[in-house]
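K.L.:
Sharing a structure, written as structure tokens. Questions coming.
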Amino acid sequence: VKRPSGMSSLLGKISSKKQKMSTLEKSKLDWENFKEEEGIVEELAIHNRGKDGYIERKAFLERVDHRQFEIERDIRLSRMKP
């Protein structure tokens with residue numbers, strides 16, 4: 001009986017192991033299944049595009065933060081001695 005050697009043996013051992021699903025992958029899969037079962041995929045898409053969506057709120061807060069930084073920077077620069 002001839003035993004496989006070298007890279008083919010190593011690759012065979014690696015590919016035969018089953019990959020475990022991470023917690024994040026499992027949660028994502030569960031969430032996708034829940035959305036499909038409840039039929040809320042379109043409703044969530046519409047809601048996320050509106051003013052109350054997470055992405056829109058995040059962008060708004062970033063704009064406010066940047067504007068506040070510019071105001072504070074201008075104040076600091078105006079107080080500096082020439």
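The values are calculated or read from the model by the stated rules, or taken from the named source; none is laboratory data. Nothing here was measured: the structure is a model prediction, and the numbers come from that model. The protein model used for the area step is the full one, side chains on, heavy atoms only, and it has no ligands, DNA or RNA in it. Shrake-Rupley method; radii C 1.70, N 1.55, O 1.52, S 1.80 Å.
K.L.:
Leaving out ligands, DNA and RNA, and with a 1.4 Å probe, what % of the accessible surface on region 25-80 is carbon or sulfur?
P.N.:
55
K.L.:
A further question follows. Mind listing the phi-derived Karplus ³J(HN,Hα) values for region 36-45, rounded to whole Hz, using 6.51, -1.76 and 1.60 with θ = phi - 60°, and x for any glycine or proline?
P.N.:
Computed from phi, the couplings for region 36-45 are 5, 5, 7, x, 10, 4, 5, 4, 5, 5 Hz.
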